[in-house]
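Shown next, in structure tokens, is the structure this report addresses.
What follows draws every value from the coordinates through simple rules; no lab data is involved. None of these values were measured; they are calculated from a predicted model. With ideal geometry, Cβ positions are generated from the backbone for all residues, glycine too; neighbour counts draw on all protein chains shown.
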């Protein structure tokens, strides 16, 4: 069973839940148990349009140009643009997932990839506004 996520907002130090009834029902099921509460700023996940543009246009064009399979190129781009660029104590490099990027972070990532493709590879990747996908 997946743990539900409850959304809301903070106003003047008070939490207002979007669906307080659902929260109360869930909380009642935890009566007498120890619980863990995580409160964080909600992050916007990338949109389907962003995903289609990235994989259907950016990755496809660059994979064809570089001779990679699309998934191989995606992994190579993550290593180039989303790694910490330094090894940890075990000699490993942490590479971040694009799935965990917010909408803005994903937009910045794609823009860096497109700019790199133009400057380093001489490959033009049409902007999302110029495409139908």
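Each peptide in 96-103, 72-79 gets a packing score, the mean of other Cβ atoms within 10 Å over its residues, and the list from highest to lowest is 72-79, 96-103.
Among the listed values (1) 23.3, 87; (2) 20.5, 63; (3) 13.3, 46, the one computed from these coordinates for Rg and Dmax of the Cα atoms in Å is (2). With 0.36 nm allotted per residue and the present C-alpha distance subtracted, the residue 89-residue 71 stretch has 3.6 nm of extension available.
Here the gap between residue 129 and residue 48, fully extended at 0.36 nm per residue and compared with their Cα-Cα distance, gives a gain of 27.7 nm.
Calculated mean residue ellipticity at 222 nm for the chain: -10500 deg cm²/dmol, from DSSP H runs with n ≥ 4 weighted as -39500 (n - 2.57), summed, divided by the residue count and rounded to 500. Assuming R0 = 41 Å, what is the FRET efficiency of residue 26 and residue 97, from their Cβ-Cβ distance, to the nearest 0.05? The computed FRET efficiency comes out at 0.90.
With contacts taken as Cα pairs under 8 Å at a separation of at least 6 residues, the stretch 48-130 carries a relative contact order of 28 percent. In plain terms, the residue of 94, 41 with the fewest other Cβ atoms within 10 Å comes first and the most crowded comes last, giving 41, 94.
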